Amino acid sequence: MTKNFIRFIAGAVCPSCKEIDKIAITSDDQTIYCLNCDFKEHKPVESATNQSKPDEPQVFNIEDFRPKKS
Ligand SMILES: [Zn+2]
């Protein structure tokens, strides 16, 4: 008996072969892969939640951290 079942991502389209409902995710939630072709991609879990661009460094405006002199 095996617990190694496949978890599909409903409605997901493979960017490689364009097949729908062929994208599955590994049991550790770290990698998505296609059952129809060789597509495999690391799943950016953290960036998906905070909606920020993962490739760009966070830029803060220094002025916001200074005490305001009025
Ligand atoms: Zn595919």
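The values are calculated or read from the model by the stated rules, or taken from the named source; none is laboratory data. Predicted model, so just to flag it, every value in this text is computed and none were measured. Cβ coordinates were reconstructed from backbone atoms using ideal geometry, including for glycine residues, and neighbour counts include every protein chain displayed.
Each residue in the stretch 1-21 was checked for being among the basic types (Lys, Arg), assigned to a loop (DSSP other than H, G, I, E, B) and at pLDDT below 95, and 1 of them qualify.
Being modelled with pLDDT of 90 or more and away from the ligand (no atom under 11 Å from the Cβ), is that true of even one residue in the stretch 48-56?
So in the stretch 48-56, the residues modelled with pLDDT of 90 or more come out as none.
No, the stretch 48-56 contains no residue that is modelled with pLDDT of 90 or more and away from the ligand (no atom under 11 Å from the Cβ).
Identify all residues within the stretch 27-42 that are assigned to a strand (DSSP E or B) and of a type in the set (S, T, N, Q); write none if there are none. Thr31, the sole residue that qualifies. Of all residues in the stretch 1-30, exactly one satisfies the criterion of being of a type in the set (Ser, Thr, Tyr), away from the ligand (no atom under 13 Å from the Cβ) and within 15 Å of Glu41 (Cβ to Cβ), namely Thr26.
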